[in-house]
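Have a look at the structure below, then the notes.
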Amino acid sequence: MHTEHRPRVLLRLQEPISDAATHVIAELAANAATHGRVPGRNFQLTLNVVGDTLRVEVPDTRRERLPKAQHPGAEEESGRGLLIVAALADRWGVSSDAVPRKTVWAELTVPVGD
């Protein structure tokens, strides 16, 4: 039986989310889907805003595969995702969770309403 999973959006900002934040979210989600997924298990995307900081968290079940920024050649078609995250986010990193999980996270400053 196939169950359709629909994303739930719980983020409330006074301003539209920035292009930088959109790219960081997309890159971390794409990395989790490509490198962190185990058959039969999905990844989760969490967005939290505290003050003027948006924190993006993407836990997955491939704790043994820690991400690291690569420096692909000009002809390479992939491998730039974490370079993009590092360039656009204020900070990013990886935290080890209960086995078998890890969480890749990034933080960006976002505009907030009055």
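Just so it is clear, none of the values below were taken in a lab; they were calculated from the coordinates. Bear in mind that the values here come from a model prediction, so they are computed numbers and not experimental data. Cβ coordinates were reconstructed from backbone atoms using ideal geometry, including for glycine residues, and neighbour counts include every protein chain displayed.
Run the numbers for ALA87 and GLN44: contour at 0.36 nm per residue of separation, minus the present Cα-Cα distance, in nm. Walk me through the numbers before you get to the answer.
Details: separation 43, 0.36 × 43 = 15.48 nm, distance 2.31 nm.
Additional length available on full extension: 13.2 nm.
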Given a Förster radius of 35 Å and the C-beta distance between LEU66 and ASP19 as r, what FRET efficiency does 1/(1 + (r/R0)^6) yield to the nearest 0.05? 0.80
Give the relative contact order (percent, whole number) for segment 62-114; include only Cα pairs under 8 Å separated by 6+ residues. 31
Under-5 Å amide H pairs with ARG63, H placed in peptide plane, nonlocal only: LYS102
Please identify which residues in segment 25-40 have an amide N closer than 20 Å to a label point set 7 Å out from the Cα of ARG80, following the Cα→Cβ vector. 25-35
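Let me know the shape class of segment 18-114, please: from the alpha-carbon gyration tensor, a ≥ b ≥ c as square roots of the eigenvalues, rounded when a/c is under 1.5, otherwise prolate if a/b is greater than b/c, or oblate. All intermediate terms of the calculation are to be shown ahead of the outcome.
On the way: a/c = 2.07, a/b = 1.20, b/c = 1.71.
Verdict is oblate for segment 18-114.
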